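Working notes, beginning with the structure itself.
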Protein chains: 2
Amino acid sequence: MTSPAPSTHPRRSDVTRAAILRAARERFATDGYERATIRAIAADAQIDPSMVMRYYGSKEGLFAAAAEFDLRLPDLSSVPPDDLGKVLVRHFLARWEGDETLVALLRAASTNPGAAERMRGIFTDQLTAAVATFGTDPATTARRAGLVASQILGLAFTRYIVRLPPMVDTTPEDLVSWIAPTLQRYLTGTPPD
Amino acid sequence: MTSPAPSTHPRRSDVTRAAILRAARERFATDGYERATIRAIAADAQIDPSMVMRYYGSKEGLFAAAAEFDLRLPDLSSVPPDDLGKVLVRHFLARWEGDETLVALLRAASTNPGAAERMRGIFTDQLTAAVATFGTDPATTARRAGLVASQILGLAFTRYIVRLPPMVDTTPEDLVSWIAPTLQRYLTGTPPD
DNA sequence: ACCGTATGCCAACACCTGTTGACACGCCAT
DNA sequence: ATGGCGTGTCAACAGGTGTTGGCATACGGT
């Protein structure tokens, strides 16, 4: 699914590498970093555990490769300013409803310092950059991005990790209706004092 | 600190039990369930690992005892309806700024199914009950409670677990100012659609 | 003073973990 | 055809894990 690097020749082991990565993402997503064992991942990919080591160096290296993630935020400058909240919630829900990578990262970030730092980077860099594209006071963008992250990650945490019944049962569109105004205010609202 | 059960005689080992629990809460809070080892907890409490087993049966039993938690929500019926959001955010921040038990539970809930279920119970029972005290449509209380939980847990997750810089640096009162309106709308706002 | 029992420590078990090295097979260019 | 190298398997290591049983000791009620 991800475009290969065109510079190097395709390796014969690419299918194996992909199988490992897919199994790793699934295990990390459901079990978290420490409970996901290399042996279990290798078994899912139907290869020997030592192959994982050869191709990814270590468990940390495997996780680093499996948890590569891009929020793929749309260009917010071309969105009607009043629709920002709605667009963002819808985008995030769609983004990780179909990709377990972020769930894996979310679970792992709770216990693994490296995963936490990666999550920090994603939401600091990508989200802050997106928030900065439209013109609110630059002094407040970091805080606005942090608040958006808090509501977005809280949504993900309660829906996909803790699985709070009301958050699991509510349809995506109802969630958008409820939560969009929150993001809208965090993004464009006047700061309280 | 917690009042002892008055029915049974105080045991000679109560101080040891308390030391174990305190060490366990700290380890679970900083390391999560799987990384927190019984040996490390015992070392912190300066006793033998086997004592932990005798007093709490197993690692799961120890966690169950250490992660006992009460949100201690105030009686919301006596709060001015317009102050509900402010009161709640302030309460939650104060509640776990001084008690690492909830951070322990939060970290553990990501990877340990039992911890996740306990967290589900806490926020389903205690929070839903509190939300139900004032008179909105009973059909929407569960959803309102879930939304409140999503923002509150998102705040905790970004501030105490991932440690997103903007969320760590912002003062509690500024957080209250920003987030209170969100909870206010989740609690008393008219349902969208 | 005495004896049962609670408290504590020590050593060990059985298992699982990430990780490593040696060995076999098969593809591919020469 | 024949090398070399990429791919894969097997077995093992060293360390850490939760957990268990046995043994010393000191308390507390009688």
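Can you tell me how many residues in region A:54-86 are part of a helix (DSSP H, G or I) and in contact with a helix residue (DSSP H, G or I) (Cβ under 8 Å, 6 or more places away or on another chain)?
Count: 15.
Tell me the residue from A:T182, A:T133, A:T101 that is more than 30 Å from B:Q126 (Cα to Cα) and either over 18 Å from the mean Cα position of the chain (by Cα) or hydrophobic (A, V, I, L, M, F, W, C) (or both), please.
A:T133
If you go through region A:67-77, how many residues are of a type in the set (A, V, I, L, M) and either open to solvent by 80 Å² or more (accessible area, probe 1.4 Å) or within 13 Å of DNA strand C (Cβ to nearest atom) (or both)?
Adding up the residues that qualify gives 0.
Could you list, ordered by first residue, the pairs with Cβ atoms under 7 Å in which the first is in region A:137-159 and facing another protein chain (nearest Cβ under 8 Å) and the second is outside any helix (DSSP H, G or I) and open to solvent by less than 10 Å² (accessible area, probe 1.4 Å), at least 6 apart or interchain?
A:R143/B:T170; A:G146/B:L164; A:A149/B:L164; A:T158/A:L164
Kindly evaluate B:A40 against the criterion of being assigned to a helix (DSSP H, G or I), within 11 Å of DNA strand D (Cβ to nearest atom) and not basic (K, R).
yes
Here is a check on your reading of the model: is B:P113 more than 25 Å from B:G32 (Cα to Cα) and either surrounded by fewer than 16 Cβ atoms within 10 Å (Cβ to Cβ) or not hydroxyl-bearing (S, T, Y) (or both)?
Considered against the rule, which asks whether it is more than 25 Å from B:G32 (Cα to Cα) and either surrounded by fewer than 16 Cβ atoms within 10 Å (Cβ to Cβ) or not hydroxyl-bearing (S, T, Y) (or both), B:P113 comes out as no.
Quick check on my filter: what residues within region B:48-57 are within 8 Å of DNA strand C (Cβ to nearest atom) and over 14 Å from B:R27 (Cβ atoms)?
Those that are within 8 Å of DNA strand C (Cβ to nearest atom) and over 14 Å from B:R27 (Cβ atoms): B:D48, B:S50, B:M51, B:R54, B:Y55.
Mind checking which residues of region A:167-192 are more than 7 Å from chain B (Cβ to nearest Cβ) and part of a loop (DSSP other than H, G, I, E, B)?
A:T171, A:G189, A:T190, A:P191
Mind telling me which of the residues B:A29, B:A19, B:A43, B:A36 ends up being open to solvent by less than 60 Å² (accessible area, probe 1.4 Å) and either near DNA strand C (Cβ under 10 Å from one of its atoms) or away from chain A (no Cβ under 14 Å) (or both)?
B:A19
Looking at B:A139, B:A149, B:A108, can you tell me which residue is open to solvent by less than 60 Å² (accessible area, probe 1.4 Å) and farther than 19 Å from A:L105 by Cβ?
B:A149
The values are calculated or read from the model by the stated rules, or taken from the named source; none is laboratory data. None of these values were measured; they are calculated from a predicted model. Using ideal geometry, Cβ is built from the backbone for each residue, glycine included, and neighbour counts are taken over all protein chains shown. Each accessible area value is taken on the protein alone, full model and side chains, heavy atoms only, with ligands, DNA and RNA left out. Shrake-Rupley method; radii C 1.70, N 1.55, O 1.52, S 1.80 Å.
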